[in-house]
Every structure is written in C-alpha cells, then in structure tokens.
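What follows is a short report on a single structure.
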Amino acid sequence: MSVDRRSLLKKRKKRRRVVSTILFVVLFTVLTAGGYGAFLYSKAQSVIDDSYKPLDRQSDKRDKQVNPDVDNISVLFVGIDDSEARNFESASRTDALMLATLNEKDKSIKLLSIPRDSLVYIPSKGYEDKINHAYGKGGITSTIETVEELLDVPVDYYVQMNFEAFIDVVDALDGIEVEVPFELREKDSTDRNGAVYLKPGLQTLDGEEALALARTRKLDNDIERGKRQQEILKSIMKKAASAKSITKYSDVMEAVGDNMQTDLSFSEMKALIDYATAGSSLDVETMSLLGADATIDGVYYYQLDEEALQQTILDLKTHLMVSGQEDTQKLAENDDEE
C-alpha cells in the first residue's frame, strides 16, 4: 500500500456512550470498608461477571499478556449505535470510539477520541472504509484490529456499551451538569425527530438530553462534537465521584451491567482502583486526531492528517512504553533535525 493511500486511511471521531464506561474507574472508589461498601463490592463483582465476554485473540503487538497491576495498558471504549428501539441488531455500527492508555507508574491516562467517519484500512475487509464499518464486518474483534492497524499500539482490553447504558447511567446519577453551546433540536433514543430541545447555557441534563447533545452533528463538526463528548465524560466522572452519588452506585452498576460487554475480568478491573484513588493527582489528557472533510466517489469521509497522526502514535507509544517506541522517537528526532 502506498504512503499516499496509507495517509487516506485514518480516523478521528468520537461519541457519547463510550463516555459512561470510563466511569468504572471511578466506580471502584466505593470499594471501602463498611456494610454498604461490602454490598457494592458484591454487586460490582456480579455485574462484571455477567458482562465478561473474553475474546479469542492475542495482539501481535504484545509479547505476552499484560497485568494491569504492574503494566501499562490500553482500553478501547466502544459505543454501539443500537438500542431496544433498534432491536439491538447484530449489524450495528460503532458510533463512538475512544482509546484510553493508562500509565501505571505515573497514574496518568491519555484518552484519544477517534472519529466515526475516519477513512482507514480495515484488515477484516482488506480495503479502506469508514472505521465505524469495521464492527459490521467482524464485530468487536474487527474493530480492535482496525484500531491497532491505525495507531500501531496494542489494544489490551475493550469495553462495549450501547445507547441504553448511557441514558440509564446519567439518569441513575440524577443528571449531569453540562454547558450547552447552542440551541438544538435532536432525535431521542427512539429516533423521534426533534424530541429533545435544548437552549444554550450551563444546565443539568437527563440521560436523553445528554445523549442528544453528544450525538448531534448538525451545528458544528466532528472535532467540536468530540470536545463535547469529552466534556460530558468529565461531567459524568465528576458527578460519580461526588460523595452525594455513593448511594446511587447500585443503580449505576445495574444500568451499565445490562448493556455492557468487556474482556476485563473483575480481578483486572480491581487493579484499576489505584487510578481512581489517585484523586486530584490523576492526570487525564484528552486527545483528538486532526483531519479534514473529504468526499471520495461521492461519499463523505474524515481524512486524517498524516503528520499529526504520526505524532499521536508517538505520544501513545511513549505513554504505553511499548516496543518500537525508541525507533519512533528516533524518527521524530530526525525529522526535527531536518
């Protein structure tokens, strides 16, 4: 494949439901001593056990299986564009993709949003297409392989959720406070056009309203949409971490568990407690992939900027400290010298 064609195939978008999954890092702060904490611990274990769906794959970008207790890891959060109203069709497409890399020593997280319309190479198809089409061809495994192909880093774990979980999580928290940047009318989760109406300004949104704000693409672009979704994510994490929300964690876990699949076991999930308990010292950096709108053969794509993509790859490899990072660093240094 030529370099020019290679640069044609990248991706940069993000979504909204995926947002609620990072919440699990915060959720495990409730694993404290005391009767209620013990109840939540048991409930969390039940939820994760029911959601546990391991994959029969081993990333060729890892020499051995990682251990979240001691290793830097990556987690791909996948928001699926389905719901009860859409009959949870197996051919559903990804409507949100976020790759989180976690550095165990620094207790830092990089959160990269990937646009749904990014033109990328899809290994299971053998040709370039929108990244959200990877799921329809081979499910979550195809999506993971496509992200690894794009970013040249391992995807160690995945967390997959749908529309219903996002709505239920926000509602279980009694809403989240978000700055709405503009007036909008958007369809709801049952695809009723104009069912959600929001005015601009800081306000508390319920699940349907938060989903509408995260979904809309009519009034700005994918970059701004991604920023909105990251702000919604921060609002969910902030609300979930507040002391007032502890009594709501049981409902949150039920909302997530009913609509989630993951290959993170309960013991592996517990290894992430240290990130949650890092509190204000936890470093979370949100990242985006630069690109531009493109129309190819009459079809809209988001075409990634190759130079910016290579810098993002370097940043992720450095954060994960994966093999090949030193060679990538040398290439970057050589480019600086030229």
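What to note about this one:
- Accessible-area order (highest first, 1.4 angstrom probe) of the listed residues Arg185, Arg225: Arg185, Arg225
- What the Cβ-Cβ distance of Asp283 and Tyr197 gives, at R0 = 25 Å and to the nearest 0.05, is a FRET efficiency of 0.10.
- Restraint check, Lys110/Lys238; Lys105/Lys239; Lys234/Lys317; Lys64/Lys317; Lys110/Lys227; Lys187/Lys218, Cα-Cα greater than 19 Å: Lys105/Lys239; Lys234/Lys317
- Ser265/Asp293 FRET efficiency (R0 41 Å; Cβ-Cβ; nearest 0.05): 0.50
- Working from label points 7 Å from Cα in the Cα-to-Cβ sense, the Leu55 to Lys107 distance is 3.0 nm.
The values are calculated or read from the model by the stated rules, or taken from the named source; none is laboratory data. Remember, predicted model here, so these are calculated numbers, not experimental data. With ideal geometry, Cβ positions are generated from the backbone for all residues, glycine too; neighbour counts draw on all protein chains shown. The area values use the complete protein model at the heavy-atom level, side chains included, leaving out ligands, DNA and RNA. Shrake-Rupley method; radii C 1.70, N 1.55, O 1.52, S 1.80 Å.
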